[in-house]
1. How long is the gain from Arg74 to Asp41 if the chain were fully straight, where each residue apart is worth 0.36 nm and the alpha carbon distance is subtracted?
2. What's the carbon and sulfur percent of the chain's accessible surface, probe 1.4 angstrom, rounded to a whole number?
3. Once amide H atoms are built 1.01 Å from N in the peptide plane, which residues 5 or more positions from Asp39, or in another chain, come under 5 Å H to H?
4. From the alpha carbon gyration tensor of the chain, can you work out the equivalent ellipsoid semi-axes (sqrt of 5 times each eigenvalue) and give them in Å, largest to smallest?
5. What number, in percent, do you get for the relative contact order of the chain if the mean sequence gap of Cα pairs under 8 Å and at least 6 apart is divided by its residue count?
6. Regarding the stretch 39-79, what whole-number volume in Å³ per residue does the convex hull of its Cα atoms give?
7. Compute the accessible area per residue over the stretch 2-86, keeping the other protein chains in place, probe 1.4 Å, unit Å².
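The values are calculated or read from the model by the stated rules, or taken from the named source; none is laboratory data. This one's a predicted model, so the numbers in the text were calculated from it and none came from an experiment. The area values use the complete protein model at the heavy-atom level, side chains included, leaving out ligands, DNA and RNA. Shrake-Rupley method; radii C 1.70, N 1.55, O 1.52, S 1.80 Å.
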Amino acid sequence: MIAKGKNVPIRLNQCRKSTLAINLSVMSVREGIDTLLVDADIQGSCNEFSQRRDELDITPRLQVMMKHGRNLQRELADLQHRYQRIV
Ligand SMILES: Nc1ncnc2c1ncn2[C@@H]1O[C@H](COP(=O)(O)OP(=O)(O)OP(=O)(O)O)[C@@H](O)[C@H]1O
Ligand SMILES: [Mg+2]
């Protein structure tokens, strides 16, 4: 992923975006907040992580939805009414 900085592109590869999203989501669920983690990367690291937690019976469950495509923003707008927090 490359984010456009003011003049130069900033490389965001492997800078732990997924790790941060996962940790924030787990903290949020532990606080009792109804949380959905949306994995919008086809690589699916967050989804994989949630599957691993389930396989190992780790609680609390982390609810993850994989979503790609041009209507992502629209989907998120709909989902925000169904969860207290979306990561
Ligand atoms: N504290 C840590 N110590 C060592 N390795 C770590 C640590 N945190 C994350 N990693 C590893 O660093 C790698 C990159 O992390 P992560 O997948 O979160 O990055 P990303 O920014 O989402 O990458 P991508 O651009 O591929 O989506 C992963 O293999 C992850 O397991
Ligand atoms: Mg990632």
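1. On the way: separation 33, 0.36 × 33 = 11.88 nm, distance 1.67 nm.
Length difference between fully extended and current span is 10.2 nm.
2. On the way: 3330 of 6820 Å².
The computed percentage sits at 49.
3. Distant-sequence amide H within range of Asp39: Met65, Met66, Lys67.
4. On the way: eigenvalues 114, 56, 32 Å².
So the three semi-axes of the chain are 24, 17, 13 Å.
5. Values: 97 pairs, mean separation 26.0, N = 87.
Here the relative contact order equals 30 percent.
6. Values: hull volume 2.3 nm³, N = 41.
Cα convex hull per residue, to the nearest whole number: 55 Å³.
7. Numbers: 6640 Å² over 85 residues.
It amounts to 78 Å² per residue over the stretch 2-86.
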